[in-house]
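Below: one structure, written as structure tokens.
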Amino acid sequence: MRCFFYDPATVTGKTLRITGQQSRHIASVLRLTAQTRLTLYDGCGEIITGEIVHVSPEKTTVQILSRATAPQVTSPLILAQALLKGKKMDFLLQKATELGVDVFIPIHTRYCEKKIHALERQKRRWQRIILEACKQCHRPVPMRIEQPVELTQLSIPDCSNLIMPWEDETSQPLTAQLISPQFPTLLLIGPEGGFHPDEIHFASNAGFTTVSLGPRILRAETAALTATSIIQYIHRNLDPAPR
Ligand code: SAM
């Protein structure tokens, strides 16, 4: 079933409306017709199964058939990623959404080429990328993207597992022993040029454990997705969904 996001303010009784770009997409691109069933998310965990009763590029009306609630996340994964160049952030946001990262914090470090103040327009595009990825992978609650911060301003949740992949780590792999699955995990990944030694020092003092992801130097986005996959496996967030 195709997934879309709806605005709870459009619900009246047993119907809701989808307007704007999503309705144009339903009518003109997907050419969905009356009686097609859809899954609809409010973005906060409410899941509606509905059936199209009327469709036009301006407005799609859906009859609500049933409602459910997405399961609560018990141990969130927060990805703090140093700003990357070009389309790499777009790619990473899409993949992190698919892999179930809960919160994404863009961070600025010494070797980042992008500047924080130049990001406002990008943030709107990033939101769109996250929503599109949610629709594609059937994720009811989008990954939250926070305001970009300097590494030294990164706020650290209480009792969290603090993991920092670092290519110069020679002894500690990313193992399940480092992760208490009942607590959030904050994963910190460097930019293309890596972390400055002062930043490694800062993060170690803040409680981060440096880990190796193997003997090869990975691109930042590969490192982020590799570590995310390992942590999600340990958190049992890659288990099959109950039906
Ligand atoms: N400093 C390096 C350089 O310029 O040659 C490479 C930085 S790497 C491209 C970007 C980020 O990916 C690093 O800051 C680190 O967080 C992560 N990373 C890459 N390879 C890794 C590995 N083998 N083990 C752990 N982390 C790695």
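Restricting attention to the stretch 34-49, the residues being among the small types (G, A, S) and under 29 Å from V103 (Cβ atoms) number 2.
Looking only at residues in the stretch 71-88 that are of a type outside the set (S, T, N, Q) and farther than 21 Å from R219 by Cα, the one that is modelled with the lowest pLDDT is V73. Would you point out the residue of the stretch 147-165, among those that are closer than 20 Å to M89 by Cα and open to solvent by 60 Å² or more (accessible area, probe 1.4 Å), that is nearest to the ligand (Cβ to nearest atom)? Step by step, filter the stretch 147-165, then rank; the result is E150. The set of residues in the stretch 9-30 being open to solvent by less than 60 Å² (accessible area, probe 1.4 Å) and without any contact (Cβ under 8 Å) to a residue 24 or more places away in the chain consists of T10, G20. Taken over the stretch 189-227, the residue count meeting the criterion of being within 6 Å of the ligand (Cβ to nearest atom), hydrophobic (A, V, I, L, M, F, W, C) and surrounded by fewer than 16 Cβ atoms within 10 Å (Cβ to Cβ) is 1.
Within the stretch 172-188, which residues are free of Cβ contacts under 8 Å to residues at least 40 places away in the same chain, more than 14 Å from the ligand (Cβ to nearest atom) and either touching a strand residue (DSSP E or B) at 6+ places or on another chain (Cβ under 8 Å) or closer than 23 Å to T109 by Cβ (or both)? Of everything in the stretch 172-188, just one residue is free of Cβ contacts under 8 Å to residues at least 40 places away in the same chain, more than 14 Å from the ligand (Cβ to nearest atom) and either touching a strand residue (DSSP E or B) at 6+ places or on another chain (Cβ under 8 Å) or closer than 23 Å to T109 by Cβ (or both), namely S180.
Among T61, T97, T33, T49, which is the only one that is open to solvent by 60 Å² or more (accessible area, probe 1.4 Å), among the hydroxyl-bearing types (S, T, Y) and either outside the structural domain of W166 (by TED's automatic domain parsing) or part of a helix (DSSP H, G or I) (or both)? Being open to solvent by 60 Å² or more (accessible area, probe 1.4 Å), among the hydroxyl-bearing types (S, T, Y) and either outside the structural domain of W166 (by TED's automatic domain parsing) or part of a helix (DSSP H, G or I) (or both) holds for just one of T61, T97, T33, T49, which is T33. Scanning the stretch 170-186 for residues that are polar (S, T, N, Q) and farther than 18 Å from G214 by Cα turns up S180, Q182, T185.
The values are calculated or read from the model by the stated rules, or taken from the named source; none is laboratory data. Small disclaimer: the values here were computed from a predicted structure and weren't measured. Counting neighbours? That spans all protein chains shown, and the Cβs are built from the backbone with ideal geometry, glycine included. The area values use the complete protein model at the heavy-atom level, side chains included, leaving out ligands, DNA and RNA. Shrake-Rupley method; radii C 1.70, N 1.55, O 1.52, S 1.80 Å.
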